[in-house]
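Scroll down for the structure; my scribbles are underneath it.
The values are calculated or read from the model by the stated rules, or taken from the named source; none is laboratory data. The shown structure was predicted, so the numbers you read here are calculated from the model rather than taken from an experiment. FYI the Cβ positions are ideal-geometry reconstructions off the backbone, even for glycines, and counts take in every protein chain you see.
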Amino acid sequence: MDDPTVHGALGKSIAQVYAIEFQNHGLPHAHILIVLLAADKFSTSEHIDKFVRAEIPSSIENLRLHEIVTKCLMHGPCGIYNPGAPCMEVGQCKKMFPKEFRTETTMNVSVYPLYRRCPSDTTFVRGREMDNRFVVPYNPYLLLKYNAHINIEVCTSLRAVKYIYKYIYKRFDCANMVLSVEQVQSNQIVNYIDARYVRMWRLLGSHMHDRSHAVMRLPVHHSN
């Protein structure tokens, strides 16, 4: 957390909020929303390109970054190239991959920016040949430091910010409902196995969510 929030890897941070999610894999990952200082907010395409990329880097110019991107930041293949992929719903990828080729980044007032994805000879093979259309947006500095899947998105619209706040505070994806005419005996062992990863996280003293600023509701007295 210190790199983007304290050391300013993406710009001067003035507020942040995060939540831990496990999904069905049992492995934790964080959704982090960072509010930048007004002077550091992404207001131009050039500014976005400086911190966020969505292209496969050249293996000649930066072999290590190329290896990390092709290992951790490639989506799919899906769409017409793999209709049976887990991300496919009603014949379409839920994440809208593959993206369209673009020679420059363009701002989008309604959702996320449309990142630059130039047609190039730099490809990667994972079952089939994949190009820049399948790259998940990333920050080169953070990838080189942590060698992990770190997806970076620029939130330039109120709609995107609202979505992020709603997303990071959603409940866990494990819910049980039993309908029976008879009394059902709770199986504590099964319940433990189903949700042990959340308990483990809490027993280790780790937070499920946190924020730099909190809203305090103050009671207001109106005189009669």
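Structure summary
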| quantity | calculated |
| --- | --- |
| Residues that are part of a helix (DSSP H, G or I) and either under 23 Å from GLU100 (Cα atoms) or of a type in the set (Val, Ile, Thr) (or both), drawn from the stretch 30-47 | SER45, GLU46, HIS47 |
| Any hit, the stretch 160-174, residues being touching a helix residue (DSSP H, G or I) at 6+ places or on another chain (Cβ under 9 Å), of a type in the set (A, V, I, L, M, F, W, C), outside the structural domain of PRO113 (by the TED database) and modelled with pLDDT under 70 | yes |
| Selected residue (only one of GLY84, GLY76 is in the same structural domain as TYR146 (by the TED database), over 22 Å from LYS166 (Cα atoms), outside any strand (DSSP E or B) and under 20 Å from the mean Cα position of the chain (by Cα)) | GLY76 |
| Hits in the stretch 48-73 - residues which are surrounded by fewer than 16 Cβ atoms within 10 Å (Cβ to Cβ), out of contact with any helix residue (DSSP H, G or I) (no Cβ under 9 Å at 6 or more places or on another chain) and in a helix (DSSP H, G or I) | LYS50, LEU63, GLU67, LYS71 |
| Pairs with Cβ under 9 Å, 6+ apart, first in the stretch 1-14 and under 12 Å from LEU142 (Cα atoms), second assigned to a helix (DSSP H, G or I) and of a type in the set (A, V, I, L, M, F, W, C) | ASP3/LEU142; PRO4/LEU142; ALA9/PHE51; ALA9/LEU142; LEU10/PHE51; LEU10/LEU142 |
| Members of the stretch 128-149 that are of a type outside the set (Asp, Glu) and either out of contact with any helix residue (DSSP H, G or I) (no Cβ under 9 Å at 6 or more places or on another chain) or under 16 Å from ILE80 (Cα atoms) (or both) | ARG128, MET130, ASN132, ARG133, PHE134, PRO137 |
| In the stretch 80-105, residue modelled with the highest pLDDT [restricted to those that are loosely packed, with under 12 Cβ neighbours inside 10 Å and β-branched (Val, Ile, Thr)] | THR103 |
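To keep it simple, each residue is scored yes or no on (1) out of contact with any Asp or Glu (no Cβ under 7 Å at 6 or more places or on another chain); (2) within 23 Å of THR106 (Cα to Cα); (3) at pLDDT 90 or above.
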| site | (1), (2), (3) |
| --- | --- |
| GLN16 | yes, no, no |
| ILE20 | yes, no, no |
| HIS29 | no, no, no |
| LEU33 | yes, yes, no |
| SER59 | yes, no, no |
| ASN62 | yes, no, yes |
